[in-house]
1. Which one of the conditions (1) in a loop (DSSP other than H, G, I, E, B); (2) more than 16 Å from the ligand (Cβ to nearest atom) does Val103 fail to meet, given that it meets all the rest?
2. Which of the residues spanning segment 122-151 are assigned to a helix (DSSP H, G or I) and either under 28 Å from Glu106 (Cβ atoms) or within 11 Å of the ligand (Cβ to nearest atom) (or both)?
3. Can you spot a residue in segment 13-28 that is within 12 Å of the chain's Cα centre (by Cα), more than 13 Å from the ligand (Cβ to nearest atom) and closer than 29 Å to Glu178 by Cβ?
4. For Val154, work out the one condition from (1) within 10 Å of the ligand (Cβ to nearest atom); (2) hydrophobic (A, V, I, L, M, F, W, C); (3) in contact with a strand residue (DSSP E or B) (Cβ under 9 Å, 6 or more places away or on another chain) it doesn't fulfil.
5. I'd like to know if segment 177-192 contains one or more residues that are within 12 Å of the ligand (Cβ to nearest atom), within 15 Å of His119 (Cα to Cα) and outside any helix (DSSP H, G or I).
6. Among all residue pairs at least 6 apart or on different chains, which show Cβ distances below 8 Å where the first residue, located in segment 47-64, is closer than 22 Å to His80 by Cα and the second is among the charged types (D, E, K, R)?
7. Working only within segment 61-82, note down all residues that are of a type in the set (A, V, I, L, M), surrounded by fewer than 17 Cβ atoms within 10 Å (Cβ to Cβ) and closer than 27 Å to Val31 by Cα.
8. Would you tally the residues in segment 160-176 being in contact (Cβ under 8 Å) with a residue 40 or more places away in the chain and in a helix (DSSP H, G or I)?
Amino acid sequence: MPVVNRRMVAMRIVVLVSGTGSNLQAVIDAVQAGELRNVDIAAVGADKKGTYGVQRSAEAGIETFVVNFKDYADRAEWNHALTQKCLSYAPDYVISSGFMRIVGEEFINAFDGTYINTHPALLPSFPGAHGVRDALAYGVKVTGCTVHIADAGVDTGPILRQEAVEILPDDTEESLHERIKVVERRLLIATLRDLANKAEAAH
Ligand code: GAR
């Protein structure tokens, strides 16, 4: 009798980046170490050429793509191309991991409830591209990070996980962001584990 190979069904994700992708690297490491045993990174994409996030993914043997914002006549055309490209991988979730471009309605509708974003502040405080800088400038004593389901707004949508990070008197934007990212990586990995386990249980 043939041995039935009961292959586990992995949750497929596409990760979008705009920069260095250090949080993405933590996810890649967790997948490779078997800590996220039921997560499959189908592809990593960027909105511009030459990101380290795409480079390090390619080096890890992950499929990569660029939907270069500058190559499109307008935001709607770029948004359409990005949506189609992401859909082509049939992902269960799309993860914005330092993806610094606002996606439009077509994308949000295509990935309704399955587009996950991480943000380096305690949302709804300090949304936008400078969450760490804005928290420091305001003078709050505690900030943090948030993992949430992204909707059509800027860093808005239902919160999945959130954790506080204390601001130290001599913090710079860089030192604070690095401490936040340590927590952010842990939350992102925990969120992916939750979602993958839920998907596996429902299968
Ligand atoms: C992360 O801190 C992420 O939360 C932030 O960009 C950083 C990317 O770092 N995203 C936003 O600010 C979105 N509004 P990384 O490229 O080193 O992973």
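The values are calculated or read from the model by the stated rules, or taken from the named source; none is laboratory data. Quantities reported herein were computed from a predicted structural model and do not represent experimental measurements. Reconstructed Cβ throughout: ideal geometry from the backbone, glycine too, with neighbour counts over all protein chains shown.
1. Val103 satisfies every listed condition except (2).
2. Correct list: Gly131, Val132, Arg133, Asp134.
3. The answer is yes, given that some residue of segment 13-28 is within 12 Å of the chain's Cα centre (by Cα), more than 13 Å from the ligand (Cβ to nearest atom) and closer than 29 Å to Glu178 by Cβ.
4. Every condition holds for Val154 apart from (3).
5. Filtering segment 177-192 for residues within 12 Å of the ligand (Cβ to nearest atom) gives 177-185, 187-188.
Now drop any that are not within 15 Å of His119 (Cα to Cα), which leaves 177-185, 187-188.
Now drop any that are not outside any helix (DSSP H, G or I), which leaves none.
So far as segment 177-192 goes, no, none of its residues is within 12 Å of the ligand (Cβ to nearest atom), within 15 Å of His119 (Cα to Cα) and outside any helix (DSSP H, G or I).
6. Correct list of pairs: Asp47/Arg101; Lys48/Lys70.
7. Val66
8. Going through segment 160-176 one residue at a time, the tally reaches 2.
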